[in-house]
Amino acid sequence: MSSKVPSKLLELRSVGKSYGTAQVLKDVDLKIEDGEFLVILGPSGSGKTTILRLIGGFIAPSQGEILLDGAIINDLPINRRPFNTVFQDYALFPHMTVRGNVAYGLSVRGVPKAEIVARSDKVLALVSLGPLADRYPAQLSGGQRQRVALARAIVCEPRLVLLDEPLAALDVNLRRQMQVFLKEIQREIRTTFLFITHDQEEAITLADRICVMDHGKIMQIGAPRDLYDRPGSAHVARFFGDNNLIEGRILSVAGGRATLDTPLGTLVACCDPSSGLADGDSAFLAIRPEKIRILAREDPCPDDAAALGVTITRKEFAGPLTHLSFVPDAAPSILLSAKRLSDEMALLSLGEPGLRACWGISDTWVVRA
Amino acid sequence: MTRLTKFARPATSLVIYAVLAALIVVPFLSFLAMSFFSVEGVTINRTPTMGNFIRAFTDPVMMSVFWRTILLCGAIAFVTTLIAYPVAVFINGLQGVARYVLLTATTAPLILSYVMKIYAFRSILGGNGLLNRMLLATGIIDTPSSFFVFNLNAVFLVLAVLLAPFAILPILLSLEKIPAALSEAAADLSASRWTIFRTVTVPLSRPGIATALSFTFIMSIGDFVTPQMVGGPNGFTFGRIIYSQFGLAFNWPFGAALGVLMAAVIVVVLALAMRLGRVPGGASR
């Protein structure tokens, strides 16, 4: 029972949460490793905040177990869990100075006064708030409040820092800065971060691992690169950046490749042998827009690639990249998109005949429909 | 449109200030003027004199009643607020129908006639009243006690109960304004419920506490009906003295001077309350 694996900090075992008849979280299994930056990504209503509140102890699970270092902590009250939270709207104490806010957790625990001062000064310096220590939250900007909230959470040296969409209220530029800053802080203090967001770019920037959620369920967990290149479902394939999904039926599966019958003809794509996809299953062929090259008549297509006759229907210049919409000649009702360097696209024009779309088989991926 | 608002705005504020001036400032100034006059027989002598104020400050009875009244009203304000605070916390913790019902029950006495409530209290506190009969029945006392009626104890008790809604409501309002996230944040930082109450709830409800204290103090110091009806001959308060100057004694200038004294006390109390109600960090919202 108590087979402690040292690297597992926290574990959720088939955890569920219901409010009346509404089940907001279903049978979630999740392991959080010591020292990692785990991002839970999902749209609103996906249950991501519920997971955070369950771990923090703000709500109790309806079923399942939450384990810390292998011991069940379902009934451990909030104030005795070694976790600290950065709240979405910061929840700073308005009647306390920056220093008062940061010192709160320590003074509540009865840490000696000299140590409180030393530790809060150290953390305030870490988040570069030393000069503002005597200000009140109302006198700070959004980004500064954000840093106070972070300082207040990490000063107690928690085992796990819970961050509930902390950057949602900041403007784009500040958000970028804070992302870099958060990542640096996390590396510096070597503490496990559990970060909630609905912004997939933010997730990719921050995460060691991303846990994608939808409708109260975990869709997939993995490193950002894995989720991007080898999505486990059509949902993840679509949610993570742009993707072309071509629906079809599997004709055969062999050697990590599947052959699909699609409206565009028979296409070959890479697939995960462990996914259990078999002949006759309906599936999507996924190919990223940046992996598609558009070739003029005379250009050769490389080996181990697929090529289709296509017509460009839209061309959008977006700085260094140009976005193209095009339809295959074999199935003009299917709209696909490509994203390539603008210089490469400059010569192509709308409606030009004899163009081909070309992609490497190794850049494709089959997901279950 | 813009032309209209350009003139409509100042016009509206002019009307508002005019009404305030006519109903509050002018009466007060005439009162102030009156306090420097004197009475000869049944006519008022309009030659300015400090006589009224000198008499107020030198008369030993006046001064002792004055300080006793301030002490009494201070105690009423303190005790009423002390009782109101947990009630407000309790109501604030309720949700849905229970909260609504309790809130209505708290404010319902405000709808009743003031005189009616005092009569009700007289019958409860009197020698043959409910309170005495209960104490007799439980054997706590042997003979009916007059401890609770026609003295300052009675004034204290009745005012504390009658003014309770005026203390509960402002405290409840300030408690409602405290975001629930702050308690969660405090708990998240290991604070116990008592610590959260002490370090977050109480400091952030200071505006409500200050309002409750000043409301109850000012309303009790200005009241002369309650002391008149339940205070008896021993329950003499400053308000009753002022009232008698405008009635039986027929000395309006002296009454006005005592009124100015009372107004000064109220201004001081309001200033103290503003000070007390200020939350550091400008968080009074």
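The three principal axes of the Cα atoms in chain A give end-to-end lengths of 78, 49, 37 Å, sorted in falling order. What you get for the range B:40-282, charging only the Cβ of Lys and Arg (+1) and of Asp and Glu (-1), is a dipole of about 120 debye around the Cα centre.
The range B:31-55 and the range B:127-169 have Cα centres spaced 41 Å apart.
For the range A:242-369, averaging the sequence separation of C-alpha pairs within contact (under 8 Å, six or more residues apart) and dividing by the residue count gives a relative contact order of 31 percent. Counting only other chain Cβ atoms within 10 Å of each residue's Cβ, the peptide A:105-118 averages 2. Cβ crowding within 10 Å, taken as a proxy for footprinting-reagent exposure, orders A:Cys301, A:Cys211 from fewest neighbours to most as A:Cys301, A:Cys211.
Computed over neighbours whose Cβ is under 14 Å from that of B:Val230, the net charge equals +2, Lys and Arg +1, Asp and Glu -1. Each Lys and Arg contributes +1 and each Asp and Glu -1, all at the Cβ; summed about the Cα centre of the range A:242-369, the dipole is approximately 200 debye.
Close amide H contacts of A:Val24 (hydrogens built in the peptide plane, cut-off under 5 Å, sequence separation of 5 or more or a different chain): A:Lys17, A:Ser18, A:Tyr19. Of the chymotrypsin sites (Phe, Trp or Tyr not before Pro) found in the range B:126-160, those that fall in a DSSP loop while having at most 15 other beta-carbon atoms within 10 Å are B:Phe147. Inter-part distance, the range B:200-255 to the range A:254-312, computed on C-alpha centroids, equals 89 Å.
Put the Cα centre of the range A:314-352 next to the Cα centre of the range A:113-156 and the gap is 50 Å. If you take the charge dipole of the protein assembly as shown about its Cα centre, with +1 on Lys and Arg Cβ and -1 on Asp and Glu Cβ, which of A:Phe83, B:Ile24, B:Leu152 is farthest toward its positive end? Result: B:Leu152, furthest along the dipole toward the positive end. Shown in residue order for the range B:161-168 are the 3J(HN,Hα) couplings computed by the Karplus curve 6.51 cos²θ - 1.76 cosθ + 1.60 at θ = phi - 60°: 6, 5, 8, 3, x, 6, 8, 5 Hz (x for Gly and Pro).
Taking other C-beta atoms within 10 angstrom as a stand-in for reagent exposure, B:Met116, B:Met219 fall in the order B:Met116, B:Met219, fewest first.
Here the protein assembly as shown was treated as a single set of alpha-carbon atoms; its pair distances binned every 10 Å from 0 give 3, 11, 15, 15, 14, 13, 11, 7, 5, 4, 2, 0, 0 percent. The residue among A:Gly309, A:Gly35, A:Leu350 whose Cα reaches farthest toward the positive pole of the charge dipole of chain A, with charges on the beta-carbon of Lys, Arg, Asp and Glu, is A:Gly35. Largest GNM mean-square fluctuation among A:Ala71, A:Ala168, A:Ala114, using chain A with Cα springs under 10 Å: A:Ala114. Note on chain B: Cα-only Rg and Dmax are 23.4, 80 Å. Of the cross-linked pairs A:Lys8/A:Lys217; A:Lys17/B:Lys177; A:Lys291/A:Lys315; A:Lys8/A:Lys183; A:Lys31/A:Lys183; A:Lys8/A:Lys48, those separated by over 23 Å at the C-alpha level are A:Lys17/B:Lys177. Counted by neighbouring Cβ atoms within 10 Å, the residues A:Ile66, B:Ile266, B:Ile168, B:Ile141 run from fewest to most as B:Ile141, B:Ile266, A:Ile66, B:Ile168.
Sequence-ordered 3J(HN,Hα) estimates for the range A:343-354 from the Karplus curve with 6.51, -1.76 and 1.60 and θ = phi - 60° stand at 4, 5, 8, 4, 7, 7, 9, 4, x, 4, x, x Hz, glycine and proline given as x.
Select from A:Asp171, A:Asp261, A:Asp214 the residue whose mean-square fluctuation is largest in a Gaussian network model of chain A (Cα-Cα springs shorter than 10 Å). For chain A, modelled as a Gaussian network with Cα springs under 10 Å, the answer is A:Asp171. Among the trypsin sites (Lys or Arg not before Pro) within the range A:287-369, those in coil by DSSP and having at most 13 neighbouring Cβ atoms inside 10 Å are A:Arg297. From the Cα gyration tensor of the range B:115-270, with a ≥ b ≥ c the square roots of its eigenvalues, which class applies: rounded if a/c is under 1.5, or else prolate if a/b is larger than b/c, or else oblate? Verdict is oblate for the range B:115-270. Compared with the dominant Cα axis of chain A, that is its longest principal axis, helix A:98-108 is turned about 70°.
When you filter the GluC sites (Glu not before Pro) in the range A:280-361 for DSSP loop state and at most 11 other Cβ atoms inside 10 Å of their Cβ, you are left with A:Glu298.
Take every Cα pair under 8 Å whose residues are at least 6 apart in sequence, average their separation, divide by the length of chain A, and the relative contact order is 15 percent.
Globularity index of the range A:1-117 is 1.23 (Cα radius of gyration / 2.2 N^0.38 Å, N = number of residues). Considering the range B:23-68 at the alpha-carbon level, its Rg and Dmax are found to be 12.8, 35 Å.
Cβ under 12 Å from A:Val172's Cβ, A:Val172 left aside: what net charge do those residues give with Lys, Arg +1 and Asp, Glu -1? Within the 12 Å Cβ shell, the charges total -2.
Couplings for the range A:184-189, taken from phi via the Karplus curve 6.51 cos²θ - 1.76 cosθ + 1.60 with θ = phi - 60°, read 5, 4, 4, 5, 5, 8 Hz in order; Gly and Pro are left as x. Between B:Arg275, B:Arg240, B:Arg206, which gets the highest mean-square fluctuation from a Gaussian network model of chain B, Cα cutoff 10 Å? Of the options given, B:Arg275 has the highest mean-square fluctuation. Simple point charges give the picture: +1 on the Cβ of Lys and Arg, -1 on the Cβ of Asp and Glu, and for the protein assembly as shown a dipole about the Cα centre of about 2600 debye. Helix A:113-126: angle to the longest alpha-carbon principal axis of chain A, degrees 0 to 90, nearest 10? For helix A:113-126, the angle is close to 20 degrees.
In this structure, the amide hydrogen of A:Ile292, modeled 1.01 Å from its nitrogen in the peptide plane, lies closer than 5 angstrom to those of A:Lys339, counting only residues at least 5 positions away or on a different chain. Annotation: amide H of A:Asp214 within the under-5 Å range of A:Met219, sequence separation 5 or more or interchain, hydrogens built in the peptide plane.
Using the charge dipole of the range B:40-282 (Lys, Arg: +1 at Cβ; Asp, Glu: -1 at Cβ; taken about the Cα centre), state which of B:Phe78, B:Leu172, B:Ser183 has its Cα farthest towards the positive end. Value computed over the given set: B:Ser183.
Taken together, the values in this text are just the output of simple stated rules run on the coordinates, not laboratory data. Quick caveat: nothing in here was measured; it's all calculated off a predicted structure. Note: ideal-geometry Cβ built from the backbone for every residue, glycine included; neighbour counts use all protein chains shown.
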